[in-house]
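Just so it is clear, none of the values below were taken in a lab; they were calculated from the coordinates. Source: prediction; values computed, not measured. Neighbour counts are summed over all protein chains in view; Cβ atoms, including those assigned to glycine, are modelled from backbone coordinates with ideal geometry.
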Amino acid sequence: MSASNTPLDQSASRAPQGIVSIFAALVVSLRPKQWTKNTLLFAGLLFTLDQQHPPAVFVRAGVAFMLFCLLASCEYLINDILDREADRQHPRKRLRPIASGRLPVPVAVAAAILLAVVGFAGAWAINLRFFGAALVYFVVALAYSLRLKHLVLVDVMALASGFVVRAAAGSFAVGVKNSEWLLLCTTLLALFLGLAKRRGELAALGDKTPSRRILADYSLPLLDQMITIVASTCLIAYSLYTFFAETNHSRPWMMLTIPYVIYGLFRYLYLVHRRGEGEAPEAVLLKDKPLLVNIGLWVVTTILVILLGQ
């Protein structure tokens, strides 16, 4: 007859399981799906492929991407720590690890500090300008979590600024000049995604009272009007870039990429209006196959135009 487990044995078996569950909750809180936003750091490298960069530059771009992923995850932890009480009132966000209690706050704080230290140390090692961009990104994101997300219109502009800083940081990391066209188009596209996100959040509420005060300051007609303005301006700005940017004088075929931008904007609007998506842009970009194919074709066409236009 086998002896039953003693309380000490049961405690020892539960300990590893507890550590594993906390680690799994931590990974979820880092939001790796949202790291797709940091692919903007490769934009400067993409549009200067004709400069024949040495292999070290590509490695530096990859390291810069990972460092921004660490800093972004640090910000997500801080945001979830600060919003844990409000998140518990939200039908979906209440399931977040910190709000649900699966990830203890002290563990989240320690992880955020570690990510910030590693992220900024790595940014300093790349170069001073990249470190400055990383610091600006972190400060703006922190200000967003503390205050800016409660200010109507400012909240969306603060979100958009994070994308612009990412694009600039990528150019700093690989040592290429920041294009005003790149920054303009990034700003408009980020505003488009930010407004669509607010629309998705508001539409998902239906007749319910918003758990976040900022959503009460918006309306669907207002957001639709702003989205229309920004989407139109984004398309015009990108089209002008393909025709008039100084770097495109030697590669006029860049205009061939305009249809991809048109389809991408139209497809995203279709997903927002007909399928009720847009609340989580990173999820849309990862799961919608037509949109993924379109982005892939845009990247391939852009690379071919740049390399063949030398």
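The modelled label-to-label distance for the pair Ile236/Ala143, using points 7 Å beyond Cα in the direction of Cβ, is 2.8 nm. Stretched out straight at 0.36 nm per residue, the stretch from Ile258 to Gln52 would grow longer than its current Cα-Cα span by 71.7 nm.
Summing Lys, Arg as +1 and Asp, Glu as -1, what charge do residues with Cβ under 15 Å from the Cβ of Ile126 carry, Ile126 excluded? Can you show the working numbers first?
Numbers: positive: Arg60, Arg129, Arg166; negative: none.
Combined, the nearby Lys, Arg, Asp and Glu give +3.
Here volume of the Cα convex hull per residue in Å³ was calculated from the structure, and among (i) 153; (ii) 239; (iii) 179 it sits at label (iii). The calculated FRET efficiency for Thr301 paired with Ala280, based on their beta-carbon distance and R0 = 35 Å, is about 0.80. Going by neighbour counts of Cβ atoms within 10 Å, the residues Arg102, Arg31 line up, fewest first, as Arg102, Arg31.
What's the FRET efficiency of Asp217 with Arg94 using the Cβ-Cβ distance as r and R₀ = 30 Å, to the nearest 0.05?
0.85
Among residues other than Leu142 with Cβ under 12 Å from its Cβ, the summed charge is +1 (Lys and Arg +1, Asp and Glu -1). Quick one: Cα centre-to-centre distance for the range 233-310 and the range 28-42, in angstrom? That distance is 19 Å. Extending 7 Å from the Cα toward the beta-carbon at both Val176 and Leu308 defines two label points whose distance is 1.9 nm. The ranking of Met226, Met255 by Cβ neighbour count inside 10 Å, starting from the fewest, reads Met255, Met226. The C-alpha atoms of the chain define a longest principal axis, and helix 258-274 lies at about 40 degrees to it. Straight-distance candidates among the lysines for linking to Lys37, with alpha-carbon spacing under 17 Å and chain neighbours fewer than 8 residues away dropped: Lys197, Lys287.
Once every DSSP H run of n ≥ 4 in the chain is given -39500 (n - 2.57) and the sum is divided by its residues, what mean residue ellipticity at 222 nm do you get, rounded to the nearest 500 deg cm²/dmol?
Only helices count here, giving -24000 deg cm²/dmol.
All other residues whose Cβ lies under 14 angstrom from that of Leu103 are scored, Lys and Arg at +1 and Asp and Glu at -1, for a net of +4.
What does the charge dipole of the chain about its Cα centre add up to, to the nearest 20 debye, if the Cβ of each Lys and Arg holds +1 and the Cβ of each Asp and Glu holds -1? Provide the component values of the computation, followed by the final result.
Numbers: 29 positive and 18 negative charges, 94 e Å.
The dipole magnitude comes to about 460 debye.
So how tilted is helix 220-244 from the main axis of the chain? Cα-based, degrees 0 to 90, rounded to 10. Compared with the principal axis, the helix lies near 50 degrees.
How do Asp155, Asp50 rank when sorted from fewest to most other Cβ atoms within 10 Å of their own Cβ? Kindly include the intermediate steps, with their values, before the conclusion.
On the way: Asp155 20, Asp50 16.
Ranking Asp155, Asp50 by Cβ neighbours within 10 Å, fewest first, gives Asp50, Asp155.
Quick one: helix 289-308 against the long Cα principal axis of the chain, what's the angle to the nearest 10°, folded into 0 to 90? That works out to roughly 40 degrees. Summary value for the chain: 19 percent relative contact order, contacts being C-alpha pairs under 8 angstrom separated by 6+ residues. The length gained on full extension between Ala204 and Thr36, counted as 0.36 nm times the residue separation minus their Cα-Cα distance, comes to 58.1 nm.
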